[in-house]
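Read the structure below first, then the notes.
The values are calculated or read from the model by the stated rules, or taken from the named source; none is laboratory data. Here the structure is a predicted model, which is why all the values come from computation and not from measurement. We place every Cβ from the backbone using ideal geometry, glycine too, and count neighbours over all the protein chains shown. Just so you know, the surface numbers come from the protein's heavy atoms only, side chains and all, with ligands and any DNA or RNA stripped out. Shrake-Rupley method; radii C 1.70, N 1.55, O 1.52, S 1.80 Å.
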Amino acid sequence: MDAKLKEQLKHLDVDFDHIRDESTRHDVSLLLNGVENFANENDELKEKVQHLTDEINRLKGEQGKPKIRAGKKDTDISSEQERKEKKPPKPKKSKAKQHLIKADREKLCQVDLTELPSDVVFKGYDRVTIQDIVIKTDNIEFKREVYYSPSLNKRFIAPLPSGYSGEFGPGMKALVLCLYHDGVMSQPAIHRFLKTSDIYLSPATISRIITDDQSIFHQGLADILSAGLQSSVYQHIDDTGARVNGKNHYTHVVCNPFYTAYFTRPKKD
């Protein structure tokens, strides 16, 4: 039954008291009740037919009729001006971060005075700090003094500063480790990034920086664990399964509120 017609029947106002004939009054009441029952049965049948149709479509690999929720009625019928008066604007959270930014250099921006009227007066400067970054090489050519002793038949060469060894400095090695572990960049991506910055670092060297000579980090982990064990009267220990080179391992976790240390071992003990 049409929804509009059904709604009209629901609000149909029949005054049975004005129907004098009792038989007619009974017939009208019976007729209205029958129409209501038939309308309800019709809706139930429609729903069952739609459900069966959707099930048949689903078995065919198709989609059934989508369920569209009725939109919520807006109970606020006040005018826009009244709503603005009732709901004051929320205070905006300050996003100021200028006090955290350090200016590395200062550059003066001058006004072309020839384009200004003759009565202008200088009122100082309007300062704004704009963040930027410069990625450039810092290649150093070390001139190492060399001395030779004829009596010992030996050369003496001035040592390089601490942290410098091989062909790449500590800043380069730290950047590769940071991009790999913190930035989660792949080794080919690191190679492309450095190449665009005129750094000639082979993929094999990147791999060696990541995997070789990491004793300083192992020592740092040992120092953290030692200090952590002494920082609290209790420790929490747990482990979970892990895979290393296709073999089953266990990742152990040792922690308390002040630190967390992870160790991957072949065995669970």
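Summary of computed values
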| item | result |
| --- | --- |
| FRET efficiency, 1/(1 + (r/R0)^6) with R0 22 Å, evaluated for Gln219 and Ala242 via beta carbons | 0.45 |
| Thr251-Ile135 pseudo-label distance in nm [points 7 Å out on the Cα-to-Cβ vector] | 2.8 nm |
| Förster-model FRET efficiency, 30 Å R0, Lys60 and Ala39, C-beta, rounded to 0.05 | 0.40 |
| For His51, solvent-accessible area (1.4 Å; no DNA, RNA or ligand), Å² | 120 Å² |
| R0 of 30 Å, Cβ-Cβ distance Lys107-Glu167: FRET efficiency to nearest 0.05 | 0.25 |
| Dipole-positive endmost among Ser186, Pro203, Phe122 within the range 109-223 (Cβ charges, Cα centre) | Pro203 |
| Inter-label distance for Thr211 and Ser23, nm, one decimal - labels placed 7 Å from Cα along Cα-to-Cβ | 10.5 nm |
| Net dipole in debye of the range 164-269 [+1 Lys, Arg Cβ; -1 Asp, Glu Cβ; about Cα centre; nearest 20] | 360 debye |
| Pairs beyond 24 Å (Cα-Cα), from Lys102/Lys143; Lys102/Lys136; Lys173/Lys267; Lys102/Lys173; Lys107/Lys143; Lys247/Lys268 | Lys102/Lys143; Lys173/Lys267; Lys102/Lys173; Lys107/Lys143 |
| Stokes-Einstein D in µm²/s, Kirkwood radius over Cα pairs - the range 126-217 at 10 °C with 1.306 mPa s viscosity | 98 µm²/s |
